[in-house]
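To start, the structure under review is shown below, and the notes come after it.
The values are calculated or read from the model by the stated rules, or taken from the named source; none is laboratory data. Computed from a predicted structure; not experimentally measured. Quick reminder, even Gly has a Cβ in these numbers, built from the backbone with ideal geometry, and neighbours come from all protein chains shown.
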């Protein structure tokens, strides 16, 4: 007795004439897609600089205090450095170049995050202050992990093809 036609074939009942389809692996993005992504990343950094320094400006953010000016300098350096690094990555599409650039940009990002912790230029309630501090700690952890990955990528021997 065979399984009813409305039920799918089980492990013991192969469907005649149908071969299993292997799972498709997503291909890594090609050089054109990577370059476009880097250019887009640089554009986002420039737009953040415009929003921060021009219109609407950081003072338009209701929970930032005047102490934010004490973080502004290193934040500007970080955004400019990130934009420049993204443009370099768009021109020089090499994993080791990107790893070294990531080490540099992540180091500055770590300085920004530590400075935000020190100054804490946020006018929020105690509960939100805790949330912000937890997010800053998670940011530091993520940055350090990114730095370790970039360091390994920068120093490991190139894989044979």
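Please count how many residues of segment 107-131 are in contact with a strand residue (DSSP E or B) (Cβ under 9 Å, 6 or more places away or on another chain), part of a helix (DSSP H, G or I) and surrounded by 15 or more Cβ atoms within 10 Å (Cβ to Cβ). Before the answer, list the steps.
First, the residues of segment 107-131 that are in contact with a strand residue (DSSP E or B) (Cβ under 9 Å, 6 or more places away or on another chain): 116, 121-123, 128-129.
Okay, now just the ones that are also part of a helix (DSSP H, G or I), so 116, 128-129.
Imposing the further condition that a residue be surrounded by 15 or more Cβ atoms within 10 Å (Cβ to Cβ) reduces the set to 116.
The number of residues fulfilling the criteria is 1.
Restrict the check to segment 81-100 and report whether at least one residue is assigned to a loop (DSSP other than H, G, I, E, B), free of Cβ contacts under 8 Å to residues at least 40 places away in the same chain and under 29 Å from residue 29 (Cβ atoms). Break it down into steps so the answer makes sense when it comes.
Just the residues of segment 81-100 that are assigned to a loop (DSSP other than H, G, I, E, B), to begin with: 92-94.
Pick out the ones that are also free of Cβ contacts under 8 Å to residues at least 40 places away in the same chain and you get 92, 94.
With under 29 Å from residue 29 (Cβ atoms) added as a condition, the list becomes 92, 94.
Within segment 81-100, one or more residues are assigned to a loop (DSSP other than H, G, I, E, B), free of Cβ contacts under 8 Å to residues at least 40 places away in the same chain and under 29 Å from residue 29 (Cβ atoms).
For segment 46-67, how many residues meet the condition of being closer than 20 Å to residue 129 by Cβ, under 24 Å from the mean Cα position of the chain (by Cα) and not in a helix (DSSP H, G or I)?
Number satisfying all stated conditions: 2.
Name the single residue that is farthest from residue 84 (Cα to Cα) among those in segment 149-161 being surrounded by fewer than 12 Cβ atoms within 10 Å (Cβ to Cβ) and under 23 Å from the mean Cα position of the chain (by Cα). Walk me through it before giving the result.
Just the residues of segment 149-161 that are surrounded by fewer than 12 Cβ atoms within 10 Å (Cβ to Cβ), to begin with: 152, 155-161.
With the extra rule that they be under 23 Å from the mean Cα position of the chain (by Cα), the set shrinks to 152, 155-156.
On the way: 152: 23, 155: 23, 156: 25 Å.
Ranking the candidates gives 156 first.
Against the definition (out of contact with any strand residue (DSSP E or B) (no Cβ under 6 Å at 6 or more places or on another chain), within 30 Å of residue 128 (Cβ to Cβ) and either modelled with pLDDT under 95 or part of a loop (DSSP other than H, G, I, E, B) (or both)), how does residue 29 come out, yes or no?
No, not satisfied.
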